[in-house]
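Structure first, commentary second.
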Amino acid sequence: MRGMNAVANATIALLQSSSLTSVVQQEIERAILQGEYAPGSKLIEATLAVKMGVSRGPVREAFRMLEEAGLVRTEKNRGVFVRDIPIDEAVEIFDLRAAMDELVGRRLAEHITPAQLKELKGLVDAMEKAVKAEDAYNYHLLNLKFHDRLVEMTGNGKLTAIYRKLIKELSLFRRLNLADGWLLPISASEHRQIIKAIASGDPVAAGKAMYDHAMDSKERTIENDLRRQERARERDAATAKNAKASRA
C-alpha cells in the first residue's frame, strides 16, 4: 500500500512539475514573441525564477523546450540567449511558409464556411482600424492571429503545428517588417485580397493570393535587412569618426 502511495505521490509531483514548466515556458515565449526580450539578449535563470515566483528547475526545463522550438540558444559557459535568426535562415523559412500558405489557400477555397469567412473579415476589419490608428503593435498581433486561424481552419493538425513553429521563429522579422508605418496599408490590402480569393471558391486564385503574400513578405524582409545593415554601417562609421576626432 505504501508503495502504491509513493508511486501516486511521485506521479502527482511529476504532473505538477510538468504543468508548472509549461506555464513558465509559455510566459517566457510570450515575452520573446512580443519583443520584451530582444534577439541576442541573455535570459537569466535565477532572475526569471524570482520574477515568476518559481524554483529554477522549471525555468531550466522551459529553456530546453524553448531551444527545441528554435526561440533560444544555449552557449556553453555563457548561458541562454534569445535567438537572432540570420537573414539566410529567415528566407528559407519564408519559402517553406509560401508553399504551406498556397496549400492553405487551396483548401479553404474549397471548404471554408460562411461563419469562418465572417470571422476572417472581422479580423481584417480590425487590422484596417489599427492601420488608421497607426497602431503597429496591435496590427502585428492581429496579423499573427489572422494567419494562424487560416491554417487552423484547414483542420490539418500536423500542418498547423509545423506552421506555428516556423512562424514563432520568424516573429522578430515580421515585427520589424511592420514597424515601418507605410507598409501597414499595403499589408492590410493584401489580407483583404486573400479573403476575396478564398471567398471566390477558386482554389488556384486563393492559393496564388496566399503564396504571393508570403513571397512579398520575404522580399520586404530582405529589403529591410539590407537597410538595417546600411544604417549599422553608417553608425559605425560615425562612431569611428567621432572617436578619431576626440583623439586629435
Q. Counting just the residues of segment 90-141 that are within 19 Å of the chain's Cα centre (by Cα) and among the hydroxyl-bearing types (Ser, Thr, Tyr), which one comes out farthest from Lys208 (Cα to Cα)?
A. Tyr137
Q.
Cβ contacts < 6 Å: first residue over 17 Å from Leu120 (Cα atoms), restricted to segment 198-212; second residue surrounded by fewer than 16 Cβ atoms within 10 Å (Cβ to Cβ) and of a type in the set (Phe, Trp, Tyr), any location; separation 6+ or different chain. Result?
A. none
Q) Taking segment 213-247, which residues are hydroxyl-bearing (Ser, Thr, Tyr) and free of Cβ contacts under 8 Å to residues at least 40 places away in the same chain? A) Thr239, Ser246
Q: Give the residues of segment 128-140 that are of a type in the set (A, V, I, L, M, F, W, C) and in contact (Cβ under 8 Å) with a residue 40 or more places away in the chain, sorted by residue number.
A: Ala130, Val131, Ala136
Q: Would you check if Asn143 is within 30 Å of Leu43 (Cα to Cα), out of contact with any Gly (no Cβ under 8 Å at 6 or more places or on another chain) and assigned to a helix (DSSP H, G or I)?
A: yes
Q: Determine, yes or no, whether Asp148 is acidic (Asp, Glu) and either touching a residue at least 40 places away in the same chain (Cβ under 8 Å) or open to solvent by 60 Å² or more (accessible area, probe 1.4 Å) (or both).
A: no
Q.
Please go through segment 108-127 and give me each residue that is open to solvent by less than 60 Å² (accessible area, probe 1.4 Å), in contact (Cβ under 8 Å) with a residue 24 or more places away in the chain and assigned to a helix (DSSP H, G or I), ordered by number.
A. Leu108, Ala109, Gln116, Leu117, Leu120, Leu123, Val124, Met127
Q: Please work out if Glu36 is under 23 Å from Ile85 (Cβ atoms), open to solvent by 50 Å² or more (accessible area, probe 1.4 Å) and part of a loop (DSSP other than H, G, I, E, B).
A: yes
Q: Look through segment 186-215, keep the residues that are under 13 Å from Arg106 (Cα atoms) and open to solvent by less than 10 Å² (accessible area, probe 1.4 Å), and return whichever of them is nearest to the chain's Cα centre (by Cα).
A: Met210
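The values are calculated or read from the model by the stated rules, or taken from the named source; none is laboratory data. This one's a predicted model, so the numbers in the text were calculated from it and none came from an experiment. Because the Cβ atoms are built from the backbone with ideal geometry, glycine has one as well, and the counts that use them run over all protein chains shown. Each accessible area value is taken on the protein alone, full model and side chains, heavy atoms only, with ligands, DNA and RNA left out. Shrake-Rupley method; radii C 1.70, N 1.55, O 1.52, S 1.80 Å.
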